[in-house]
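Only the coordinates and a few stated rules stand behind these numbers; no lab work does. Remember, predicted model here, so these are calculated numbers, not experimental data. FYI the Cβ positions are ideal-geometry reconstructions off the backbone, even for glycines, and counts take in every protein chain you see.
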Amino acid sequence: MKKRVVLLALATLLTLSLTLAGCSKPADTPAESKEPEVVKVGWIGSLTGDQAVWGTCELNTVKMLFEDINKNGGLLGKQIEVVGYDTRGDATEAVNAVKRLTSQDKVVAVIGPNASGQAISISAVLEEMKVPDIATVATNPKVTVVDGKTKPFNFRVCFIDPYQGAVAAGYAYDVLGFKKAAILYDVADDYSQGLTEFFEKYFVEKGGEIVAKEAFKFGDVDFRPQLSKIKNAGPEVIFMPYFFKEVALSANQARELGINAVLMGGDGWPSEVLLEMAKDAIEGSYFVNHLDFDDPDVQEFKAAYKAKYNLPVELNGYLAYDAVQLLVDAIKRANSFDPVAIRDALETAQVKGITGQINISKDTHNPEGKDAAIIKIVDGQYVFQQKYSAK
Amino acid sequence: MSAFFQQLINGLSIGSVYALMAVGYSLVYSIMNFSNFAHGGVIMIGAYIGFFSMTAFKLPFTAAFCFAAFGAGILAVAIERIAYSPLRKRNAPFLYFIISAMGVSIFLENIIIASPIGPTFRTYPRVFSAAPFNIGGVNIGRLDVTMFLISAISLAVLVFIIEKTRTGMGIRASAYSLRASALMGVNTDRIILIVFGMGGFLAGIAGILFGMKYTVYPQIGNITIKSFIAAVFGGLGSLPGAVIGSVLLGIIETFTSGYLSSQFRDLIAFVLLIFILVVRPKGLMGKITEDKA
């Protein structure tokens, strides 16, 4: 009896799929002969794993923006479809995702990923397939330039680590007047190492002293051994260039150990979750950010996102927004969906994004001269202090 | 000198977290002879049960604690029934159990990510004051003390059950030989369920305490790799071994970071681990070593 039911179900399925296949065939053929009506844009980033919070926000943003564009008649008369793949925060997965996007989905450009490790590893595929990529929050210099050579198909909308490290060091020494700094960093992470290197370099150049430099490894939850050591060195400021989960944990533990030094960090900090997790511990701390969240320019997007997804916008959302702006601008100026033409247009892009003016430099493929925003945490709020540039 | 004691306290506190997790591993291992990698997933679910009991349902800590412990216990039993019991009935090789366990662990992590709970980090409301006890320049967190006491009490109760009760005798007999115990009339199926239930119960406690101390997120289970290693270090299958191995690992890690270099922490801890296993393959207090996976 059981077998018969299964057989019946199988037969029904087969018939159904045949009919469906039969139906879809004629619809497909004319589309293949002409240019496709729908143009695909790729996105990659983490949808699972530790960085899923940011990846999800990026993909939501990219989808939301292209839905709006489609509603308003599309781009160059075409509807845009967003194809997003999960990299699980892994460089190999990122390469696979880009291979799939470029060879199978035939996307005209890729947006993302948010992390440098993944953005660096995808260059070879991009160059082979001749498809441009705009990274969102990948701040490592090597994303666009390696050994003085600019990678032809990699672009980004954010400023880079040396700049961020220099801004933090400059602000700590010149504006806040700190002379003794300690650094706690993630030894297994490119981003954290990059910021550490340049913070140290600029802080020492200015005349400051690094009294302690301690490392942990991604995935750690307890930082008290390192913090106890830092405490004995007696710094005035502790630089914490890593992401908000670890920031929250290490800040709480620092206060628990009786450390009163001011904490400072980079763009891995800003998050609603940080405030929720470590409101008291990070009171009075500073961090370098890509934008001021209260800037009137970003309010419209912030509200639209909140209305659609009922979630707060993470930092990545704002940069994903600008990545889309940059891409749309390039496609319009190229007046074509040819990936190489888009690439050429990207090289000369000058777009007013919501995170600031983005003037892509032909030599570095970075947005040059973008101001950093210094944010202080006051009464559990992110309070914008000033725009600050390192030079 | 106070720096030394501060690091010692840090090490003990990290070690006691490992211990609570390692005991659950060891318990299941002693009966089933395989490494239950799903344990991390059960800990994670326990942490979420505790979190939502306290936030969404506004229950007091003690109630949340019981829910987390019993909820995780029930989950562990369910996992045994669904993922291991069918393998057991077919006398499947141990490798299959391990793969099944990994499957469960990945499933649990992803079900949370895909559910409305999502991948966000969550923070427990504060139950214990953040202000630490300060004894002679050494800061001891209130939560650490509580954790230490709760761990010690749960472990004592566990040892009592295993050493002094009839069920405990069944567990000890089954740990010695599952087949022989079955022949002697021990209901091994029931014993296995009880062991998973107790392992899950401890996982739930570990989950809620870990969540309160750090944070709750779907990848909490990953930390159990450390406690698994601590269990091997102490001798898999031995409960005192699991506790001692965990505390030692915590202290070794802390002192490496504190006195050598934090970059070398895992390197030194694990070189020592390999050294101990080479010199003494059954771990510090392990029982049997042959044919275990």
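List of remarks:
- Residue tally, condition surrounded by fewer than 23 Cβ atoms within 10 Å (Cβ to Cβ) and either over 19 Å from residue B:7 (Cα atoms) or touching a Gly at 6+ places or on another chain (Cβ under 8 Å) (or both), over region A:199-229: 14
- Which numbered condition residue A:309 misses (of (1) among the aromatic types (Phe, Trp, Tyr); (2) farther than 30 Å from residue A:369 by Cβ; (3) surrounded by 22 or more Cβ atoms within 10 Å (Cβ to Cβ)): (3)
- Checking each residue in region B:129-155 for being farther than 27 Å from residue B:241 by Cβ and without any contact (Cβ under 8 Å) to a residue 60 or more places away in the chain picks out B:129, B:130, B:131, B:132, B:133, B:134, B:135, B:142.
- No other residue among A:314, A:300, A:368 is within 30 Å of residue A:52 (Cβ to Cβ), free of Cβ contacts under 8 Å to residues at least 60 places away in the same chain and not basic (Lys, Arg) apart from A:300.
- Residue B:159 vs. criteria surrounded by 13 or more Cβ atoms within 10 Å (Cβ to Cβ), within 12 Å of chain A (Cβ to nearest Cβ), in contact (Cβ under 8 Å) with a residue 24 or more places away in the chain and closer than 30 Å to residue B:5 by Cβ: no
- Selection count where residues are under 18 Å from the mean Cα position of the chain (by Cα) and either away from chain A (no Cβ under 14 Å) or in a helix (DSSP H, G or I) (or both), scope region B:167-226: 29
- Within region A:95-116, the residues that satisfy the criterion of being in contact with a strand residue (DSSP E or B) (Cβ under 9 Å, 6 or more places away or on another chain) and farther than 17 Å from residue A:319 by Cβ are A:96, A:97, A:98, A:100, A:101, A:102, A:105, A:106, A:107, A:108.
- Of the criteria (1) over 20 Å from the mean Cα position of the chain (by Cα); (2) touching a residue at least 12 places away in the same chain (Cβ under 8 Å), which one residue A:334 fails: (2)
- The set of residues from region A:128-162 being more than 24 Å from residue A:202 (Cβ to Cβ) and charged (D, E, K, R) comprises A:128, A:130, A:133, A:149, A:151.
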